[in-house]
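The values are calculated or read from the model by the stated rules, or taken from the named source; none is laboratory data. From a predicted model like this one, the values you see are computed outputs, not experimental measurements. Note: ideal-geometry Cβ built from the backbone for every residue, glycine included; neighbour counts use all protein chains shown.
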């Protein structure tokens, strides 16, 4: 018996040894076949041109009703489609009633039998602060008003303002109410209940269950609409403001965000990823989307729009004949996420569906690792020949990578783009040029600026003339500031390039001039300092991989400063122009002051700009052609035209396109400030094309590149406190600065 047992054990051991050996042999003999099947994105066409917006509603027969909104008559048209290809136009006679009332459509919803309910924007009747009407659309296609017993919100000026409506299975009407969360009313308009927090606005209804996004807790909260009780909360990691909920088949729920589309089965608590965002238009930052609509089970539509009201619709169908992930991968490394990089990856993915762009982010908000650690790890990887194909070099020492021969020459890419008709801003694309080679390219730039009355523009040509202007105009602050540190941060951006000699050492004379002139500006307005604004000026603000650098960039252009200029508490307003939207607030200030102009920020250097989204190609990449194509796409209109708000384009046609102000025509905006007893307010239209053209000319006038050196600036700030307090002379302060920075600059 013992022998037989021993024999069986030996046989079992042999089998266990053979199995992994066989597995290794199979792997050695050839690669495993790739996993197959994924949802594929297909662009469709709308049945009309000139569409400003679209609303889609699923009908009980799984077809879609598409309400197309136009900027002129006929204003709204209805089309039905069963496949996204063939459309049938349908009349909506009730809409003429709405026009006669001078109301507009806010939201439209269907119940399970396709009965239609309309939420209309009616404007406020005198003294009521009620902005909405609700209608049932009758079988005769007429509007039948539901007399709503509205409950007001906590927002004084918007007591009843609803933005979205859905119909539950029991016929109840659910609304997203500004300042009051989600509210439930009976089909007859009687108030029943309220759900969620005051700022919760994103919801959907499935059956008689209500699903609300709670971004703060990163959960989807589920309520029973019959009992009003919370049923459960389902966690979803990192819910963002892009997330949208929609109802699915068989009681399921879908959540769509930049990362993809996820399914939650009825009664489930785990999200199943259905569509990979990185392989679709969902990942493109300039495209905004509604939630996925499941028409037939497993067949989805998503509606997209951009900030210029360009609308598109995509269909998603499962294709089991293609690999789950593309077989080729292009890797891009970045310290932090940028919208331009994501836009480029999305556009590259569209043109190369069989290649996956893998964006590796070195730092994220939840990481405890330091910038120095991740850069060191990246360099080790590159030296071992295993580095990424491309590197987005913001926050890195680009010159060091160039000197070590890590970056490929991009001059051929620039030449090809230029010969293709896309003229580029020469000063920007040649920042990292040496020996007729270009080793890195900024895809975007930022422009430090000063806004001032036209009559004074000749007084602020440089830092010296600004200091002279400050001495002779000391009735108010020339530049809004609360501390000498504010002034050092601001004018370091326009003076930093002048501080160094040919050997890369600090030029003592330049530093003396800088500090002397900044102190003149400081002394001229120090009696107006609002010290209560800042608790501790030695603490750097900002977040991310380099909080101090971000603090330098964010040290100008805040709301308090623009109000100071608009309401006459300062002669100028300083800001870092990062996109055409950066002109929104100062344009309102110009209207308030009845004049003003934007100029390059005066300093010791001329027309300074800050390169952003700096891309380089690893010399050791085996995918050079693909990497170069990625860079070309970064410089193309599909990326440069997009409103990603992380820098001005270096493509001149895109600069001109942005200056046209498309999408601004019908928008007004406002900002408020709590200064004084009654506060202050700036309101008005978006900047005109004429105003934006002046911003474009400012971008085209750039000459001197500068990447802020936050460590150097911190040393200067530390060593000048006594000088600005009047306790020592400038030579003593500069002597300490030179000595303290010697080792740092030599590294």
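Here is how the numbers come out for the structure above:
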quantity: From the options 207, 267, 251, residue that is in contact with a helix residue (DSSP H, G or I) (Cβ under 7 Å, 6 or more places away or on another chain) and either at pLDDT below 95 or within 29 Å of residue 38 (Cα to Cα) (or both); calculated: 207
quantity: Residue in region 289-298 that is modelled with pLDDT of 95 or more, in a helix (DSSP H, G or I), more than 23 Å from residue 60 (Cβ to Cβ) and touching a strand residue (DSSP E or B) at 6+ places or on another chain (Cβ under 7 Å) present; calculated: no
quantity: Region 83-92, subset assigned to a loop (DSSP other than H, G, I, E, B), under 14 Å from residue 44 (Cα atoms) and touching a residue at least 40 places away in the same chain (Cβ under 8 Å), residue farthest from the chain's Cα centre (by Cα); calculated: 85
quantity: Those helices (runs of 4 or more DSSP H) lying entirely in region 333-429 with at least 2 residues within 30 Å of residue 322 (Cα to Cα) and at pLDDT 95 or above; calculated: 339-351
quantity: Residue ID - nearest to residue 211 (Cα to Cα), chosen from residues in region 139-154 that are free of Cβ contacts under 8 Å to residues at least 40 places away in the same chain and in contact with a strand residue (DSSP E or B) (Cβ under 9 Å, 6 or more places away or on another chain); calculated: 152
quantity: Failed condition for residue 273, given (1) out of contact with any helix residue (DSSP H, G or I) (no Cβ under 6 Å at 6 or more places or on another chain); (2) surrounded by 17 or more Cβ atoms within 10 Å (Cβ to Cβ); calculated: (2)
quantity: Residue match in region 613-621 (condition: at pLDDT 90 or above, buried (at least 23 other Cβ atoms within 10 Å of the Cβ), within 22 Å of the chain's Cα centre (by Cα) and part of a strand (DSSP E or B)); calculated: yes
quantity: Residue count for region 637-676, restricted to those that are within 20 Å of residue 592 (Cα to Cα) and crowded, with 16+ Cβ neighbours inside 10 Å; calculated: 3
quantity: Matching residues, region 158-180, being surrounded by fewer than 18 Cβ atoms within 10 Å (Cβ to Cβ) and within 29 Å of the chain's Cα centre (by Cα); calculated: 163, 164, 179
quantity: Residue identified as under 21 Å from residue 58 (Cα atoms) and touching a residue at least 12 places away in the same chain (Cβ under 8 Å) among 173, 158; calculated: 173
quantity: Hits in region 476-486 (condition: surrounded by 24 or more Cβ atoms within 10 Å (Cβ to Cβ) and without any contact (Cβ under 8 Å) to a residue 60 or more places away in the chain); calculated: 481
quantity: Helices (runs of 4 or more DSSP H) enclosed by region 651-747 - at least 3 residues per element that are under 23 Å from the mean Cα position of the chain (by Cα); calculated: 652-659, 689-700
quantity: Residues located in region 559-595, provided they are surrounded by fewer than 23 Cβ atoms within 10 Å (Cβ to Cβ), part of a loop (DSSP other than H, G, I, E, B) and in contact with a strand residue (DSSP E or B) (Cβ under 9 Å, 6 or more places away or on another chain); calculated: 567, 569, 578, 579
